Amino acid sequence: MSNNEKSTRTVLIVEDELTVGNVVRKQLSRKGFDVLDVVDTGAKAIAAVRELKPDVVLMDVHLSGDMDGIAAAKAVQGEFDVPVIYLTGDAMDDTVDQAREAQAYGYLLKPINDRELITTIEIALYKHGMERRLKESEILYRSLTQAMPQKVWTADHEGRATFFNSQWEIFTGMISDQCFGDMWWEAVNPIDLLRFKTAWQRSIETGEIFQIECRLQGNDGRPRWHLARAVPAEIGNGTRQWFGTFTDIQAEKDREQALLDSEAQKRAVFEGALDAVIMMDREGRITDFNPAAEKTFGKPRYEVIGEPLAETILGTESREFFYRQFQNHLTTSSGNFLNARHELAGLHADGHEFPLELACCRVPTSGQPVFTIYARDLPGRPAENSAPTFDREKLDLQTRVKTLEAMLSRCAKCDLVHVPGAGWVDLEKHIVLQSDTTLVSAVCGTCEKTLRQDELEDRQVRLWSKEFRTLYP
């Protein structure tokens, strides 16, 4: 509880005429005040205030000794923050002026009237209490502004800056006093300055909240993005004052730019892919369609967005397989539909069906599932309506290498590649081409017909890995 909120308020009387002092003591005691002491010099007054800590001091202006009442009052108010009321028998204007200059909380003419005495003391205590709370509020405000990570500022009703916190000074390298008025605009990046001034002037004229993104120049010469925001407030005399902050948003801008760059890269890959790439939602509807897909299926992007994928790009019989596998994945998250290649019948815009290799991958997202469909036509093959039995992605890499090695010695003698002038590059191309379709047998389609059945079985037993046999018993 503060002193002015005590149930019994304490008073120190400073009066070199002890008779007057004792009269005032009795007046106050009758009204419930606690008079701590009556002293007769300025030095004693200062010592008594230091020791007794009164709520208010009644100070005679004309004291005996080296220190008069006004000098003593200045010392008491400056060092101890105690309100002082002057007592004087002189009503001349110079006494009032001296009291005013000393920031007195009031003055009383001797002889002192009881009602005036009590009223003056009550007003002085109330005024001092309000000033103390105001000071505490200002201290709290300054502490908060200095503790905030944002750059805090204030401006008057004409938009001229009146305050900046330490964060502003640290970032810009500009001392607060140098930024008052319109000088603070020098910290705004020249590219954003006109836009900043226009928005600020509009807020000054309309009283609307000011908010804009701009770059501030750091003391290292590098600009950083900030969100500038200020709100108006009506202060006691009815004038408008602005309270604002600059919040550093460079990290958010960097993330936005990284996202834009990433999206641009993804779009470039999506648009430039040689294979058809289609995005699909969990309802099986097309959400994106790249140029290769437009070419493969003969349908423009704007016509297929939002359409069911199966009815749009698959033949009649392949749709049932697609729906069954897709719904099974959504329901159970199992099956071999995802991340596997399936040979199906594609549907062209002109109505003809063609062989199509299709793979479906789920895109990891935090929300509803999204799927990417990769598709390519298979020229020279009949359209299929079901998934193939061979899943190349699951084949052990060592098995593939061994298979190619096994083919190397035989294909080197094969008449199909043993052509004058043919080199190892031609041989490798032939091996890879043939192994893509008949990898299990380790021979190409032509040579396979000439092998004895027991030799073929021997090769299969020798080359198949344990994992491959588990996958394909």
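Read-outs: derived from the displayed coordinates by stated rules, not from any lab. Treat the numbers as computed from the prediction; the structure is a model and nothing was measured. A quick note on method: Cβ atoms are made from the backbone with ideal geometry, for glycine too, and the neighbour counts reach across all protein chains shown.
Round to the nearest 0.05 the FRET efficiency obtained for residue 263 and residue 219 when R0 = 41 Å and r is the Cβ-Cβ distance. List each step's numbers first, then the result.
On the way: r = 34 Å, r/R0 = 0.84.
With R0 = 41 Å, the Cβ-Cβ based efficiency is 0.75.
Computed from the Cβ-Cβ distance with R0 of 35 Å, the FRET efficiency linking residue 30 to residue 142 stands at 0.20. Placing dummy labels 7 Å off each Cα toward the beta-carbon, the span from residue 239 to residue 80 is 3.7 nm.
Looking at the square roots a ≥ b ≥ c of the eigenvalues of the Cα gyration tensor of segment 3-139, which shape do they give, rounded for a/c under 1.5, prolate if a/b is larger than b/c, or oblate? Please list the in-between numbers first.
Details: a/c = 1.34, a/b = 1.16, b/c = 1.15.
Here segment 3-139 falls in the rounded category.
Taking only alpha carbon atoms, segment 273-377 gives an Rg to Rh ratio of 0.93, where Rh is the Kirkwood radius. Stretching residue 331 away from residue 134 to a fully extended chain increases their span by 64.2 nm, per 0.36 nm per residue minus the current alpha-carbon distance.
Grab the other residues whose beta carbon is less than 12 angstrom from that of residue 369, score K and R as +1, D and E as -1, and report the net. Spell out each step's value before the answer.
Values: positive: 282, 362; negative: 281, 283.
Net charge in that neighbourhood comes out at 0.
Pairs exceeding 24 Å between alpha-carbon atoms, taken from 151/253; 135/197; 44/127; 127/151; 53/135; 26/74: 135/197; 44/127; 127/151; 26/74. Taken along the Cα-to-beta-carbon direction at a fixed 7 Å, the label points for residue 178 and residue 51 span 5.3 nm.
Remark: segment 138-149, residue by residue, has Karplus-estimated 3J(HN,Hα) of 5, 5, 4, 4, 4, 5, 5, 5, 6, 7, 5, x Hz, where x stands for each Gly or Pro and the curve is 6.51 cos²θ - 1.76 cosθ + 1.60 at θ = phi - 60°.
Between segment 361-381 and segment 101-160, what is the C-alpha centre distance in whole Å? Cα centroid of segment 361-381 versus Cα centroid of segment 101-160: 72 Å apart. Placing dummy labels 7 Å off each Cα toward the beta-carbon, the span from residue 191 to residue 166 is 3.3 nm.
Gain on full extension, evaluated as 0.36 nm per residue between residue 18 and residue 372 minus their Cα-Cα distance, stands at 117.4 nm.
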